[in-house]
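K.L.:
My structure is below; once you've seen it, I'll send some questions.
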Amino acid sequence: MSTPTSPSTSAVDTRRYLLERVDEAAVVQLYADGFVDLPLREKVLIYHLYQAAIAGRDIYYDQRYAHNLEMRDLLEEILTHAAGIDAETFAEIERYTKLFWINSGPYNNLTARKFLLKCTPAAFVAAAAQAARNGARIPADVERLAPYFFDPDVDPIVTHKTPGSGKDILQASANNLYSGVTMADLEGFTERYPLNSRLVKRDGQLVEEVYRVGGLYDRQIREIVGHLHAAIPFATEPMAHALRALIRFYETGETVDRIAYDIAWVQDRDSPVDTINGFVEVYMDARGMKGAWEALVYYVNPQKTAGIRKLAAAAQWFEDRMPWAPEYRKQGVRGVSANAIDVVIETGDSGPVTPIGINLPNDQTIREQHGSKSVSLSNANQAYDKSTLPEFRREFAWSAEEADRAEKWSSVASEITTDMHEVIGHGSGRISERLQGSPQTVLKEQYSALEESRADLVALYFVPDPKLVELGLIDEADHDDIVRAEYESYARNALVQLRRIREGSQIEEDHMRNRQMIVGWLIANSNAIEVRRRDNKTYYVVVDVKAFQHGVGRLLAEVQRIKAEGDYDAAKALFETYGVHFDPALRDEVVERVDRLKMPSYTGFVQPRLEAVRDAAGEIADVRISYPLDLTTQMLEYSRKR
Ligand SMILES: [Zn+2]
């Protein structure tokens, strides 16, 4: 199937997408339109998995910050017992709580920095006291929590990978994946549960608190397991096999069971419904080892999937033409499975702020032996696009033509490059036989940003290739415009993304580092992008599309070499030079421009809501989907406070 090239196909969709703005965050409703047409068996399956997703939500809150759950509970108790609270104080608590929900705690999802409650501590304590009089459960010593809400110097950054020389990355990070542990403590210590444990220093000894039944998060994990058991009878056999393996891993916590689960999950390629539920992505850990809990439940979008499958089927064709040294080219590329999906719920590390594409498992050995599964989140992409106002694109475009191109093509271009990133990007390439250990271990805190760069570069390198026309993914007549629109939007983004880091002059988040590095490198090492000024505004202008692609190819060859050889020093130098530091004056200019337009920096999604309709015997006769259109309603419902 050809990717629809008319961006106005769904212009009749007049539903509400953008629900509200909370400071620099947009709140957007996510729709799962295909759900109502699924067979009952799949609806019931999704319903149980949806409950499993909600059951684990607090695990992620606790991993992200040790005080998170206590803080959230206090905020929600105040919000739900509001009578008589000073109106101005209440409005500020409400603003802060919404940001807290969107970011799963007091740290901005993108900048990793703490945001503050802006009333006085005295006003906050008075509000809590009033809520208590209204029947709220408020701790007697509520003042104790004040520093977590008000003090910018208490636990300022959730994940700090570059705290400066002499400082420890674990000590500098406020997350709850470690307690009292430094990198020096870890020398000579081998973790038995590297992905799924909290590491604690107790009486001078390192102790692994394992996330499993009977271990840390026992209560939540038991509840997840209960819902997974309920789901199994409604799953296809390959999916049931994977769910049983997941339960086993939740029960034992052993790496051997995690591997068995990863293999079972990746081998389930054709089920119409799937879930990701567990300790998965390692971005929150400054070491890049500990998995943050997340859950997604989704069904396949058949129309869009047909397009992606064509890309996946051609994976070897692309691999054979990668612009890197032939010794790093993989032979017999297989197992690249790709689906366009609609998510029904995302919690933990993937909600309310959602990724737009996912490729798993992360275990490099399993990827090489069994392949990986990629998904592109169609309905999340659609909701992003529907909630973006056109003036935001125009502000950073150098010419009217560029703005028009963005208007017309950027969503098509971004969909196809996101697919390429996931389907032929992450799955590609071979590791050198000289490399001892995995690239993650050797490249440490540089790994994630490097791997994201590699996948982005693969997409940028091949997007102009006539192969995409041959595969029917792009119409030949539109191809040049789509390529130019993609390169322009990629370059603009390096400028526009600076709006997300309002303090300091460093980028922490890996995807942001990667995009900054690529554009910074191209500006310095190719003739593809010019930095221009007009009316005191800065523009990144793509002046040569061929030079852009050529530059991307050269950089990709080097990035692949760094990964394959585990060249830590080269990775560090690349990101330190182009990806981490930026000019704060430029950032201030960008912030001023976006603030004038009230452009959001990131988006939190309100998810669909499911409800089981039971028959007289108590069996589920139908599953109803609805859209809350309100963040507060959904969050309080998840916390069982509404
Ligand atoms: Zn990626």
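K.L.:
Can you tell me which residue in the range 445-477 is farthest from Tyr490 (Cα to Cα), limited to those that are within 11 Å of the ligand (Cβ to nearest atom) and charged (D, E, K, R)?
P.N.:
Glu451
K.L.:
Testing Leu636 on (1) outside any helix (DSSP H, G or I); (2) open to solvent by less than 20 Å² (accessible area, probe 1.4 Å), one condition comes back false. Which one is that?
P.N.:
Just one mismatch for Leu636, condition (1).
K.L.:
In the list Ile431, Ile424, which residue meets the criterion of being away from the ligand (no atom under 11 Å from the Cβ) and touching a strand residue (DSSP E or B) at 6+ places or on another chain (Cβ under 8 Å)?
P.N.:
Answer to the selection: Ile424.
K.L.:
Search the range 148-167 for residues that are free of Cβ contacts under 8 Å to residues at least 12 places away in the same chain and among the basic types (Lys, Arg) and pair each with any residue that is surrounded by 19 or more Cβ atoms within 10 Å (Cβ to Cβ) and assigned to a loop (DSSP other than H, G, I, E, B) when their beta-carbon atoms are under 9 Å apart and the residues are at least 6 apart or on different chains.
P.N.:
Final answer for the pair search is Lys167/His160.
K.L.:
Right, something else. Assess whether Val442 counts as being more than 16 Å from the ligand (Cβ to nearest atom), closer than 28 Å to Glu327 by Cβ, among the aliphatic types (A, V, I, L, M) and open to solvent by 20 Å² or more (accessible area, probe 1.4 Å).
P.N.:
Considered against the rule, which asks whether it is more than 16 Å from the ligand (Cβ to nearest atom), closer than 28 Å to Glu327 by Cβ, among the aliphatic types (A, V, I, L, M) and open to solvent by 20 Å² or more (accessible area, probe 1.4 Å), Val442 comes out as yes.
K.L.:
Which of the residues that make up the range 181-193 are open to solvent by less than 40 Å² (accessible area, probe 1.4 Å) and part of a loop (DSSP other than H, G, I, E, B)?
P.N.:
Val181, Thr182, Glu191, Tyr193
K.L.:
Among helices (runs of 4 or more DSSP H) lying entirely in the range 201-311, which contain 1 or more residues that are open to solvent by 30 Å² or more (accessible area, probe 1.4 Å), over 27 Å from Ile356 (Cβ atoms) and among the charged types (D, E, K, R)?
P.N.:
The helices (runs of 4 or more DSSP H) meeting that bar are 218-231, 237-252.
K.L.:
Could you tell me whether the range 366-376 includes any residue that is in a strand (DSSP E or B), closer than 19 Å to Ala564 by Cα and in contact with a helix residue (DSSP H, G or I) (Cβ under 9 Å, 6 or more places away or on another chain)?
P.N.:
yes
K.L.:
What is the number of the single condition among (1) in contact with a helix residue (DSSP H, G or I) (Cβ under 9 Å, 6 or more places away or on another chain); (2) closer than 28 Å to Leu450 by Cβ; (3) of a type outside the set (Phe, Trp, Tyr) that Asn301 does not meet?
P.N.:
Answer for Asn301: the failing condition is (2).
K.L.:
Return the residue satisfying two criteria in turn: it lies in the range 362-379 and is surrounded by fewer than 24 Cβ atoms within 10 Å (Cβ to Cβ) and of a type in the set (Val, Ile, Thr), and of such residues it is modelled with the highest pLDDT.
P.N.:
Residue satisfying both the conditions and the ranking: Ile366.
K.L.:
Restricting attention to the range 391-421, and to residues there that are surrounded by fewer than 20 Cβ atoms within 10 Å (Cβ to Cβ) and part of a loop (DSSP other than H, G, I, E, B), which single residue is nearest to the ligand (Cβ to nearest atom)?
P.N.:
Checking each candidate, the answer is Ala397.
K.L.:
Let me ask something additional. Does the range 368-403 hold any residues that are farther than 30 Å from Gly604 by Cα and touching an Asp or Glu at 6+ places or on another chain (Cβ under 9 Å), and which are they?
P.N.:
His370 - this is the single residue of the range 368-403 that is farther than 30 Å from Gly604 by Cα and touching an Asp or Glu at 6+ places or on another chain (Cβ under 9 Å).
K.L.:
Scan the range 353-382 and report the pairs whose first residue is among the β-branched types (Val, Ile, Thr) and whose second residue is within 11 Å of the ligand (Cβ to nearest atom) and open to solvent by less than 30 Å² (accessible area, probe 1.4 Å), with Cβ atoms within less than 6 Å and a gap of 6+ or a chain change.
P.N.:
Going by the 6 Å Cβ cut-off, the qualifying pairs are Ile356/Thr418; Val375/Ile358.
K.L.:
Sticking with this structure for a sec: Out of the range 424-456, which residues are over 20 Å from Glu281 (Cα atoms) and of a type in the set (Asp, Glu)?
P.N.:
Passing the criteria: only Glu433.
K.L.:
Please give the number of the condition Val442 fails out of (1) over 27 Å from the mean Cα position of the chain (by Cα); (2) under 26 Å from Gly291 (Cβ atoms); (3) not acidic (Asp, Glu).
P.N.:
(1)
K.L.:
While we're looking at this one, here's another question. Asn359 is checked against (1) at pLDDT 95 or above; (2) within 16 Å of the ligand (Cβ to nearest atom) and fails just one. What number does that condition carry?
P.N.:
So the condition that Asn359 fails would be (1).
Matching residues to (1) of a type outside the set (Asp, Glu); (2) open to solvent by 50 Å² or more (accessible area, probe 1.4 Å); (3) more than 30 Å from Pro323 (Cβ to Cβ):
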| position | (1), (2), (3) |
| --- | --- |
| Arg561 | yes, yes, no |
| Glu576 | no, yes, no |
| Glu619 | no, yes, yes |
| Leu629 | yes, yes, yes |
| Arg642 | yes, yes, yes |
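K.L.:
So, restricting to helices (runs of 4 or more DSSP H) that lie completely within the range 458-552, which ones have at least 3 residues that are among the small types (Gly, Ala, Ser) and more than 30 Å from Pro152 (Cβ to Cβ)?
P.N.:
476-496
K.L.:
Please count how many residues of the range 610-633 are of a type in the set (Asp, Glu) and either in contact with a Cys (Cβ under 7 Å, 6 or more places away or on another chain) or part of a strand (DSSP E or B) (or both).
P.N.:
Within the range 610-633, residues that are of a type in the set (Asp, Glu) and either in contact with a Cys (Cβ under 7 Å, 6 or more places away or on another chain) or part of a strand (DSSP E or B) (or both) number 2.
K.L.:
For Pro326, indicate whether it is out of contact with any Gly (no Cβ under 7 Å at 6 or more places or on another chain), closer than 30 Å to Gln549 by Cα and surrounded by fewer than 19 Cβ atoms within 10 Å (Cβ to Cβ).
P.N.:
Judged against the criteria, Pro326 is a match.
K.L.:
From the list Ala126, Ala136, which one is in contact with a His (Cβ under 8 Å, 6 or more places away or on another chain), modelled with pLDDT of 95 or more and closer than 25 Å to Met635 by Cβ?
P.N.:
Being in contact with a His (Cβ under 8 Å, 6 or more places away or on another chain), modelled with pLDDT of 95 or more and closer than 25 Å to Met635 by Cβ holds for just one of Ala126, Ala136, which is Ala136.
K.L.:
Quickly run through the range 448-469 and pick out the residues that are of a type outside the set (A, V, I, L, M) and modelled with pLDDT of 95 or more.
P.N.:
Correct list: Glu451, Glu452, Ser453, Arg454, Asp456, Tyr461, Phe462, Pro464, Asp465, Pro466, Lys467.
K.L.:
Here's something else I'd like to know. Quick check on this structure: which one of Gln549, Gln516 is open to solvent by 10 Å² or more (accessible area, probe 1.4 Å), under 22 Å from Ala25 (Cα atoms) and of a type in the set (S, T, N, Q)?
P.N.:
Gln516
K.L.:
How many of the residues making up the range 345-356 are assigned to a strand (DSSP E or B) and within 14 Å of the ligand (Cβ to nearest atom)?
P.N.:
Result for the range 345-356: 0.
K.L.:
In this structure, is Arg492 closer than 24 Å to Asp385 by Cβ, within 26 Å of the chain's Cα centre (by Cα), away from the ligand (no atom under 16 Å from the Cβ) and open to solvent by 10 Å² or more (accessible area, probe 1.4 Å)?
P.N.:
Considered against the rule, which asks whether it is closer than 24 Å to Asp385 by Cβ, within 26 Å of the chain's Cα centre (by Cα), away from the ligand (no atom under 16 Å from the Cβ) and open to solvent by 10 Å² or more (accessible area, probe 1.4 Å), Arg492 comes out as yes.
K.L.:
Determine, yes or no, whether Phe462 is crowded, with 22+ Cβ neighbours inside 10 Å, among the aromatic types (Phe, Trp, Tyr) and either farther than 30 Å from Lys114 by Cβ or without any contact (Cβ under 8 Å) to a residue 12 or more places away in the chain (or both).
P.N.:
Answer is yes for this residue.
The values are calculated or read from the model by the stated rules, or taken from the named source; none is laboratory data. This one's a predicted model, so the numbers in the text were calculated from it and none came from an experiment. A quick note on method: Cβ atoms are made from the backbone with ideal geometry, for glycine too, and the neighbour counts reach across all protein chains shown. Accessible surface is based on the protein model in full, side chains and every heavy atom, while ligands, DNA and RNA are left aside. Shrake-Rupley method; radii C 1.70, N 1.55, O 1.52, S 1.80 Å.
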